[in-house]
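Here's the structure, in structure tokens; my notes come after.
The values are calculated or read from the model by the stated rules, or taken from the named source; none is laboratory data. Since the structure is predicted, the reported quantities are computational estimates derived from the model, not experimental observations. All Cβ positions, even for glycine, are placed from backbone atoms using ideal geometry, and neighbour counts span all protein chains on display. In case anyone asks, the SASA skips ligands and DNA or RNA and just uses the protein heavy atoms, side chains included. Shrake-Rupley method; radii C 1.70, N 1.55, O 1.52, S 1.80 Å.
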Amino acid sequence: MSFYENHILPHIIGAACGVKPIRKQREKVVPAAEGVVLEVGMGAGPNLEFYDPSKVSLVYGLEPSEGMRRKAAKAIAASPVPVETLDLPGETVPLEDASVDTVVLTYTLCTIPDWQRAMGEMRRVLKPGGRLLFSEHGLAPDEGVATWQRRIEPVWKPIAGGCHLTRPIDRLIEAGGFAFDRVETMYLPRSPKFAGFTYWGSAKPR
């Protein structure tokens with residue numbers, strides 16, 4: 001990774017992903033996790049405080065960025081649940097088939113280069129009856145906003161660590177072999193519309 005990706009980008013992403021509207025989304029999703037959890041794209045660990053220690057026995061935090069893992073050390077030390085970090089990308093999950101109860105995916109699917117392979121890995125490691133919990137930003141339904149997303153994305157991606165603004169998150173999750181239990185959408189309050197249209201809910205492998 002470049003100096004920017006390893007030393008500067010983690011601070012930018014940490015600040016952006018720690019704003020109040022995104023914290024509220026994490027609070028809606030993460031407490032529903034149960035058992036052994038795989039968190040794809042743990043980042044600086046902003047989800048850790050929201051896990052319920054009475055329901056979660058272990059969190060595997062998958063995070064390929066050394067800078068992000070370094071930044072996560074404080075959150076891991078304060079975590080209410082045990083955490084084991086895995087320094088690999090979402091396309092390569094070093095866990096056995098059907099070995100986790102919950103996959104948590106928050107503000108990560110926008111950046112994974114091979115999202116199809118990553119979704120296949122999430123589906124592979126989930127136990128029968130396991131759940132995917134997600135909150136992700138992506139393609140807006142309003143054509144005016146979507147037009148700006150397409151215009152901004154080529155400049156946005158290298159600055160924001162490969163983040164795509166135009167991924168239709170619901171369609172990607174379904175194409176990855178999941179069926180929704182629940183999916184909701186909205187523009188996050190006090191957020192720019194081009195980056196603030198959010199999908200959240202839960203799904204199970206088909």
How large are Rg and Dmax for the stretch 47-145 when only the alpha carbon atoms are used, in Å? 14.6, 45
Shape metrics for the stretch 18-104, restricted to C-alpha atoms - Rg then Dmax, Å: 12.1, 36
Work out how much length E66 to F180 would gain on full extension: take 0.36 nm times their residue separation and subtract the Cα-Cα distance, in nm to one decimal. 37.8 nm
Most positive-pole-ward Cα, V145, L88, V103, against dipole of the chain from beta carbon charges: V145
Roughly how many debye, to the nearest 20, is the charge dipole of the stretch 111-206 about its Cα centre, given +1 on each Lys and Arg Cβ, -1 on each Asp and Glu Cβ, and no other charges? 260 debye
Quarter of the surface of the C-alpha convex hull for the chain, i.e. direction-averaged projected area in nm², equals 10.3 nm²
Taking the stretch 97-185 as the region of interest, what is the percent of Cα-Cα pairs per 5 angstrom bin, listed from the shortest bin to the one with the maximum distance? 3, 13, 22, 23, 18, 11, 6, 3, 1
Working out 0.36 nm times the residue gap between W148 and D87, then minus their Cα-Cα distance, what length gain in nm do you get to one decimal? 18.5 nm
Determine the share of the chain's accessible area contributed by carbon and sulfur atoms, expressed in whole percent, with a 1.4 angstrom probe. 55 percent
How many percent of DSSP beta bridges within the stretch 19-150 run antiparallel, rounded to 5? 0 percent
With label points built 7 Å along Cα→Cβ from the Cα atoms of E49 and R190, find their separation and express it in nm. 1.5 nm
